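Everything below concerns the one structure shown next.
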Protein chains: 2
Amino acid sequence: MADPLKSPPLTCPSVLTAHEKIKGFIHVTPVLRCTYLDDLASSKVGAFKVRGAFHAVRRLMEEEGWEENGGRVRGVVTHSSGNHAQALALAAKTMGIPAHIVMPTISMPSKIAATQGYGAKVIFSGSTSVEREAKVEEVIKETGATLVPPYDHPDIILGQGTLGIELQEQASEMIREQGREKGLDAIIAPCGGGGMLSGTALSCEGTGIFVFGVEPSFGGADDCKRGIEQGKRIESVKSLTIADGLRTPVGVYPWSIIYERKLVREMFSVGEEEIKKALRLVLERMKVVVEPSAVVGLAVALFDEGFRRMVEREGGEEGWDLGIVFSGGNVGIEALRGLFPAS
Amino acid sequence: MADPLKSPPLTCPSVLTAHEKIKGFIHVTPVLRCTYLDDLASSKVGAFKVRGAFHAVRRLMEEEGWEENGGRVRGVVTHSSGNHAQALALAAKTMGIPAHIVMPTISMPSKIAATQGYGAKVIFSGSTSVEREAKVEEVIKETGATLVPPYDHPDIILGQGTLGIELQEQASEMIREQGREKGLDAIIAPCGGGGMLSGTALSCEGTGIFVFGVEPSFGGADDCKRGIEQGKRIESVKSLTIADGLRTPVGVYPWSIIYERKLVREMFSVGEEEIKKALRLVLERMKVVVEPSAVVGLAVALFDEGFRRMVEREGGEEGWDLGIVFSGGNVGIEALRGLFPAS
């Protein structure tokens, strides 16, 4: 190759010149700040659940008489063994109010520790929803805390919907960089309780962007899809799908947006093997650690024949610019080993 | 919580208002484009090896007489079973010239396929360096292709060094956002052949930023550190460290920058268990899939007592703003399972 003796001198200005020469060809490598490694209790986290929790807490604090009625001392309460517990704990800590989180005794120790790490008071309960709700009632009686549910409330839905705003903005910018002046054609979002899906649907109202919801089919976790088919919301789900963040039945407010207002065009569901295939692709090719729930939308986009035919039919030669929401990174190495056992 | 009846209407404008309310508290969730999933042969990839390869090929094409001497037909050649093979294949394809890549017959089929996928001609050889170099000589005789080595050339080093420029720029911006007007205090970069470490060191020359190099200690892979101690470059390494991207002995040009010009302040090394601990943290907490080689710098920053004492001594109460280069994501689920066997 180029004779080393003719190379530019090995100096900093030569590196700058090299950068000019190649920067049209390379991605800027992103610099990541990791608050965990910084050992900082940062008030910024990426999880989508946080959007709902922050919005709900802000709205609560703006309520007339909240301060006068002792809201700052009474704080908030919820029951959750997962992301919502941590999200609400963080939102409350950031706003300087107490959070009481009811968690089943059998919750993962790491999740209990994380919730306590955000300064929340963890109260243990049995694991059935009856036991959990009874304990919440107890806490409310004792402390006067306000209940912040995980998904079935307008303020939560509006908060989750901000994800759709950001996705639209960033995608439009990416498309513009390719010299095309348009936005996304469609967005796929996963549906558990439906807070994020319905929030995303609201964020797309009137934009012409189609919104599709996706669920795992295993064990009947596709309750929203089945509910739409029978014209009635399904209120209970008992699936053990690996997409464990999507085992929840869709809530009343989300249902009103998804089904009654028809802001979600169609629901799709996908099997466990497709979810695993998509998960492997994301881990190995995109190099991002996510949980099975996060890749259900990708699994539909890649493997669902009906979805693919629709895109071919409607998108034509150009195809669609499709945004897929990935949400949830709660997976450890042990869980991954369980999902992909040695063959 | 806030009475649902008093919530804003469930509309897109309400989502925008919600976004205003919470955007000070959340990270913008990054939108990722994945060229693999797009099934596009994009000419932009993030791997640092690509920086060296693109710069070297561009420089080669600018050489006097390159076009007239048939350079566009002769193309480039290298031997590599790893990232450099793919990086050079991609750079050549982008520039529209042929690439001949000599790979050992025992290379991983996925790497062979990836290299061919970028349009390179793969020629097989035995796996010793003598056999590989003999095959390269053969290819040069037959095709007139120009050799582009993986790290031991100024043009490669300058290309890799562009990573340091980007890191400095992005870090300064992050620090500025926190209301402080300064740049990084130090950068840690891994050292195998030394191309990236020496390039990073060049990018910091005259800036006052300290550059530290890191190596795995297992099986003598800390050849650069040992070479500095004995005042002489070590030319051969036979380590089977899990940080397999760093098994190479440091090259002549990198050595001249690291040792003779003293642009790297100090080398540190770290054991296999510390590398695994750092890898687990990155996978589980930063949610990024990287190979063991990528986290050697983090392992030093977290677990090396000498390094930590130095930062305490020199950084005082404020500490240091430290940039750590993570490089290398070539790890599949099977490899991860091997690194973290069920206990």
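The values are calculated or read from the model by the stated rules, or taken from the named source; none is laboratory data. None of the values given here were measured: they were computed from a predicted structure. Ideal geometry is used to build each Cβ from the backbone, glycine not excepted, and the neighbour counts take in all protein chains shown. The accessibility values were calculated without ligands, DNA or RNA, using every heavy atom of the protein model including side chains. Shrake-Rupley method; radii C 1.70, N 1.55, O 1.52, S 1.80 Å.
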- Message: I need a count of the residues in segment B:159-189 that are touching a Leu at 6+ places or on another chain (Cβ under 8 Å), open to solvent by 10 Å² or more (accessible area, probe 1.4 Å) and not in a helix (DSSP H, G or I).
- Response: 2
- Query: Residues of segment A:206-233 being surrounded by fewer than 24 Cβ atoms within 10 Å (Cβ to Cβ), assigned to a helix (DSSP H, G or I) and touching a strand residue (DSSP E or B) at 6+ places or on another chain (Cβ under 8 Å), which ones?
  - Reply: A:Lys225, A:Ile228
- Note on the structure: So the helices (runs of 4 or more DSSP H) completely within segment A:45-108 holding 2 or more residues that are surrounded by 24 or more Cβ atoms within 10 Å (Cβ to Cβ) are A:49-62, A:83-95
- Subset of segment A:234-248 [in a loop (DSSP other than H, G, I, E, B) and under 23 Å from A:Asn330 (Cα atoms)]: A:Val237, A:Lys238, A:Ser239, A:Leu240, A:Thr241, A:Ile242, A:Ala243, A:Arg247, A:Thr248
- Task: Would you please name the residue that is farthest from A:Val290 (Cα to Cα), looking only at residues in segment B:312-331 that are open to solvent by less than 50 Å² (accessible area, probe 1.4 Å) and without any contact (Cβ under 8 Å) to a residue 12 or more places away in the chain?
- Result: B:Gly316
- Query: If A:Val139 passes every condition in (1) within 13 Å of chain B (Cβ to nearest Cβ); (2) open to solvent by less than 20 Å² (accessible area, probe 1.4 Å); (3) in a helix (DSSP H, G or I) but one, which one does it miss?
  - Reply: (1)
- So which residues in segment B:313-343 are more than 21 Å from B:Ala171 (Cα to Cα), assigned to a helix (DSSP H, G or I) and either in contact with a Gly (Cβ under 8 Å, 6 or more places away or on another chain) or away from every other protein chain (no Cβ under 12 Å) (or both), if there are any at all? B:Arg313
- Message: Is it the case, given these coordinates, that B:Gly192 is in the same structural domain as B:Pro292 (by TED's automatic domain parsing), in a helix (DSSP H, G or I) and buried (at least 18 other Cβ atoms within 10 Å of the Cβ)?
- Response: no
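Can you confirm whether segment A:144-158 contains a residue that is free of Cβ contacts under 8 Å to residues at least 12 places away in the same chain and in a helix (DSSP H, G or I)?
no
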- Item | Whichever residue in segment A:164-192 is of a type outside the set (Gly, Ala, Ser) and under 21 Å from A:Arg247 (Cβ atoms) and, among such residues, is farthest from the other protein chains (Cβ to nearest Cβ) | A:Cys191
- Is at least one residue of segment A:286-299 surrounded by fewer than 21 Cβ atoms within 10 Å (Cβ to Cβ), in contact with a helix residue (DSSP H, G or I) (Cβ under 6 Å, 6 or more places away or on another chain) and of a type outside the set (A, V, I, L, M)? no
- Note on the structure: A:Ile123 meets each of (1) β-branched (Val, Ile, Thr); (2) over 30 Å from A:Asp222 (Cα atoms); (3) within 14 Å of chain B (Cβ to nearest Cβ) with one exception, condition (3)
- Query: When you go through (1) modelled with pLDDT under 95; (2) touching a His at 6+ places or on another chain (Cβ under 9 Å); (3) open to solvent by less than 40 Å² (accessible area, probe 1.4 Å) one by one for A:Ala145, which number turns out not to apply?
  - Reply: (1)
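Checking the conditions here, which among A:Gly199, A:Gly195, A:Gly208 is farther than 22 Å from A:Leu279 by Cβ, in contact with a Phe, Trp or Tyr (Cβ under 7 Å, 6 or more places away or on another chain) and within 14 Å of chain B (Cβ to nearest Cβ)?
Working: A:Gly199 fails: in contact with a Phe, Trp or Tyr (Cβ under 7 Å, 6 or more places away or on another chain); A:Gly208 fails: in contact with a Phe, Trp or Tyr (Cβ under 7 Å, 6 or more places away or on another chain).
It is A:Gly195.
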- Single unsatisfied condition, A:Glu68 versus (1) in contact with a strand residue (DSSP E or B) (Cβ under 9 Å, 6 or more places away or on another chain); (2) of a type in the set (D, E, K, R); (3) more than 21 Å from A:Ile156 (Cβ to Cβ): (1)
- Message: Whether any residue in segment B:248-264 is more than 26 Å from A:Ser7 (Cβ to Cβ) and free of Cβ contacts under 8 Å to residues at least 40 places away in the same chain is what I want to check.
- Response: no
- Task: Test each condition in (1) within 27 Å of B:Met286 (Cβ to Cβ); (2) within 10 Å of chain B (Cβ to nearest Cβ); (3) in contact with a Leu (Cβ under 8 Å, 6 or more places away or on another chain) for A:Ser293 and report the one that comes out false.
- Result: (2)
- With respect to A:Val148, is the statement that it is more than 12 Å from every other protein chain (Cβ to nearest Cβ) and either farther than 25 Å from A:Phe307 by Cα or touching a helix residue (DSSP H, G or I) at 6+ places or on another chain (Cβ under 6 Å) (or both) true? no
- Task: Would you check if A:Ser236 is within 30 Å of A:Asp155 (Cβ to Cβ), within 12 Å of chain B (Cβ to nearest Cβ) and open to solvent by 10 Å² or more (accessible area, probe 1.4 Å)?
- Result: no
- Message: Is it the case, given these coordinates, that A:Gly126 is without any contact (Cβ under 8 Å) to a residue 60 or more places away in the chain and touching an Asp or Glu at 6+ places or on another chain (Cβ under 9 Å)?
- Response: no
- Task: Give just the number: which of (1) surrounded by fewer than 17 Cβ atoms within 10 Å (Cβ to Cβ); (2) touching a residue at least 24 places away in the same chain (Cβ under 8 Å) does B:Leu302 not satisfy?
- Result: (1)
- Message: I'd like to check something: does segment A:241-259 contain any residue that is of a type in the set (S, T, N, Q), closer than 29 Å to A:Val50 by Cβ, more than 14 Å from every other protein chain (Cβ to nearest Cβ) and buried (at least 23 other Cβ atoms within 10 Å of the Cβ)?
- Response: yes
- Message: Contact list please: Cβ distance under 7 Å, first residue in segment B:48-62 and facing another protein chain (nearest Cβ under 7 Å), second residue acidic (Asp, Glu), pairs at least six apart or on different chains.
- Response: B:His55/B:Asp155; B:Ala56/B:Asp155; B:Arg59/B:Asp155
